[in-house]
Amino acid sequence: MSIISSATLLVALVAAVIDIRSRRIPNVLTFGAAAGALLYHVSTSGASGAAVASAGWLVGFALFVPFFALGGMGAGDVKLIAALGAWFGPLGALQLAAATAIAGGVTALVVILQQRYGWQALSNLRLLFSHWRINGVSALPELTLAASTGPRLAYAVPILFGTLGVLWLR
């Protein structure tokens, strides 16, 4: 197993365990993982390695920060995707985002079915899309993580599944 595979798998696994237990992903893990990726890429490829790590971090961050801005995702999840993107590079960050989105959708469906939350979830989506149609894409306060009373998803788990998917495809 390569250093990149080992590092990303370890970071994603630790984040998932911590997120399940505490619903938080610590900065020391996300920033430490990003710094480790930068150091690794610089040590193996110099300045071009720094560019790869930085671009991967930026792609991961840019793809998920809108969900945070709309109140649907925690900052730790965004920082985790960015840190893993720093390890994978920009193309790998795109692959990770796609695999994580698929894993997140499947995981959300499992939680919805398990919690018998289907009708409420559909109602919430209808309300959200109506809000967006009238007000533009913006946070709907009663449906943000801060205010919602619905089931919560520890999103580091789908990020772990997305990481496994990217590693499997390599």
Residues located in the range 18-39, provided they are out of contact with any Asp or Glu (no Cβ under 6 Å at 6 or more places or on another chain) and either surrounded by 14 or more Cβ atoms within 10 Å (Cβ to Cβ) or not in a helix (DSSP H, G or I) (or both): Ile18, Asp19, Arg23, Arg24, Pro26, Leu29, Thr30, Ala33, Ala34, Gly36, Ala37, Leu38
Flag if Ala15 is among the aliphatic types (A, V, I, L, M), part of a helix (DSSP H, G or I), out of contact with any His (no Cβ under 9 Å at 6 or more places or on another chain) and surrounded by 14 or more Cβ atoms within 10 Å (Cβ to Cβ): yes
Pair list, Cβ under 8 Å, 6 or more apart: the range 135-160 residue at pLDDT 85 or above, other residue of a type in the set (Ser, Thr, Tyr) and assigned to a helix (DSSP H, G or I): Leu153/Thr107; Val157/Thr107; Pro158/Thr100; Pro158/Thr107; Ile159/Thr100
Single condition Val42 does not satisfy, out of (1) surrounded by 14 or more Cβ atoms within 10 Å (Cβ to Cβ); (2) among the β-branched types (Val, Ile, Thr); (3) under 19 Å from Tyr155 (Cα atoms): (3)
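So that you can scan it fast, the table gives a plain yes or no per residue for (1) over 18 Å from Thr163 (Cα atoms); (2) out of contact with any Pro (no Cβ under 9 Å at 6 or more places or on another chain); (3) in contact (Cβ under 8 Å) with a residue 24 or more places away in the chain:
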residue: Asn27; (1), (2), (3): yes, yes, yes
residue: Thr30; (1), (2), (3): no, yes, yes
residue: Gly36; (1), (2), (3): no, yes, yes
residue: Tyr40; (1), (2), (3): yes, yes, yes
residue: Ser43; (1), (2), (3): yes, yes, no
residue: Gly49; (1), (2), (3): yes, yes, no
residue: Phe61; (1), (2), (3): no, yes, yes
Single condition Leu113 does not satisfy, out of (1) loosely packed, with under 12 Cβ neighbours inside 10 Å; (2) under 28 Å from Val59 (Cα atoms): (2)
Subset tally (residues that are surrounded by 10 or more Cβ atoms within 10 Å (Cβ to Cβ) and either acidic (Asp, Glu) or assigned to a helix (DSSP H, G or I) (or both)) for the range 133-151: 4
When residues of the range 69-88 are limited to those that are surrounded by fewer than 24 Cβ atoms within 10 Å (Cβ to Cβ) and more than 10 Å from the chain's Cα centre (by Cα), the one nearest to Trp57 (Cα to Cα): Ala69
Every residue from the range 114-123 that is modelled with pLDDT of 90 or more and under 18 Å from Met73 (Cα atoms): none
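The values are calculated or read from the model by the stated rules, or taken from the named source; none is laboratory data. Since we're looking at a predicted model, the values are computed, not measured. Every residue, glycine among them, receives a Cβ derived from its backbone with ideal geometry; neighbour counts consider all protein chains shown.
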